[in-house]
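Below: one structure, written as structure tokens.
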Amino acid sequence: MSTPKRFMPRAQRVAHAVALAAVALLLCAAGCRWAGLRVNTSPSIPLGLYRVSDLPVTRGAYVLLCPPQTPVFALARQRGYLGAGFCPGGYGYLMKKVLAAQADHIGFAADGVRVNGRLLAASAALPADQAGRRLSQHMRGSLTLGPDQLLLMSARPTAWDARYFGPVARAQVHSVIVPLLTWPAASGTTCGKAKTLPAGAGIHRPGAPHLWIGWRQLPVAVSANHGDLRHHNPSKEPLT
């Protein structure tokens with residue numbers, strides 16, 4: 001015979017409530033995954049709800065991608081700028097914005113990154129992370145992007161993005177994600193279209209509240225989508 005609810009120990013009632021909440025979350029996640037939805041709560045790109053699509057990768061698009069297996073990304077994973085996940089090499093997925101593509105002329109300099117001669121906002125690389133560890137800027141100079149290259153940047157001065165790892169291959173992109181209901185990290189809300197940032201999206205920090213609803217990474221609920229220089233930079237502001 002089951003124990004009447006009023007006589008059930010408080011701890012047991014709490015455990016039952018937590019279990020029910022977990023089941024509800026898993027059912028919600030399954031539904032969102034089936035619908036191809038992603039929820040972003042990291043300031044790397046506008047906060048809110050996104051839909052996975054089969055749209056082509058173009059300038060200004062938000063993308064879901066796997067980090068390439070290169071030494072710079074391996075170091076980022078070791079330092080905690082990137083989270084663990086199901087991408088090759090054990091990396092977690094990233095959500096980023098494309099700032100430049102084929103035929104765009106890119107320049108990397110001490111004062112920041114330029115696209116076709118225009119200096120991107122807040123794009124200068126920092127000398128060190130919050131832990132005082134040296135940050136290596138992508139090789140200074142200029143290049144014209146090829147058909148298989150993309151530039152992923154952020155308007156945030158503390159972002160860990162192309163200013164450090166350079167262009168990435170289109171092959172790393174899993175899909176384009178379309179904003180459905182988004183708002184900038186500071187204030188304001190838009191529906192159906194994300195606020196355009198001057199330089200795109202950065203990466204996410206492992207400790208930041210980033211929920212991947214409907215994706216295989218959901219079991220690590222507040223996931224490290226994640227990458228950032230959170231342990232670093234002289235200003236002590238978390239790198240995202």
> Which one of these does S123 not meet: (1) in contact (Cβ under 8 Å) with a residue 12 or more places away in the chain; (2) open to solvent by 30 Å² or more (accessible area, probe 1.4 Å)?
Replying inline: (2)
> Of the residues in segment 55-82, how many are touching a helix residue (DSSP H, G or I) at 6+ places or on another chain (Cβ under 6 Å), within 11 Å of F165 (Cβ to Cβ) and open to solvent by 30 Å² or more (accessible area, probe 1.4 Å)?
Replying inline: 1
>> Please go through (1) open to solvent by 20 Å² or more (accessible area, probe 1.4 Å); (2) on the phi > 0 side of the Ramachandran plot; (3) not charged (D, E, K, R) for G48 and return the number of the only condition it doesn't satisfy.
In response: (1)
> Residues L94, L151: which one is within 27 Å of P184 (Cβ to Cβ) and either at pLDDT below 95 or of a type in the set (D, E) (or both)?
Replying inline: L94
> Inside segment 43-63, can you point out the residues that are in contact with an Asp or Glu (Cβ under 9 Å, 6 or more places away or on another chain) and closer than 16 Å to P184 by Cβ?
Replying inline: S44
> Can R140 be described as of a type in the set (D, E, K, R) and under 17 Å from V72 (Cβ atoms)?
Replying inline: yes
>> I'm checking my understanding of the structure. Among residues of segment 127-141 that are in contact with a helix residue (DSSP H, G or I) (Cβ under 8 Å, 6 or more places away or on another chain) and closer than 23 Å to I106 by Cα, which one is most open to solvent (accessible area, probe 1.4 Å)?
In response: S136
> Restricting attention to segment 85-102, which residues are open to solvent by 50 Å² or more (accessible area, probe 1.4 Å) and outside any helix (DSSP H, G or I)?
Replying inline: F86, Q102
> Which number in (1) without any contact (Cβ under 8 Å) to a residue 40 or more places away in the chain; (2) surrounded by fewer than 15 Cβ atoms within 10 Å (Cβ to Cβ); (3) β-branched (V, I, T) marks the one condition that T144 misses?
Replying inline: (1)
> What single numbered condition from (1) open to solvent by less than 50 Å² (accessible area, probe 1.4 Å); (2) under 14 Å from the mean Cα position of the chain (by Cα); (3) at pLDDT below 85 fails to hold for R156?
Replying inline: (1)
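The values are calculated or read from the model by the stated rules, or taken from the named source; none is laboratory data. The structure displayed is predicted, hence computed values, not measured ones. When we count neighbours, we look across all protein chains shown, and the Cβ atoms used for this are built from the backbone with ideal geometry, even at glycine. The area values use the complete protein model at the heavy-atom level, side chains included, leaving out ligands, DNA and RNA. Shrake-Rupley method; radii C 1.70, N 1.55, O 1.52, S 1.80 Å.
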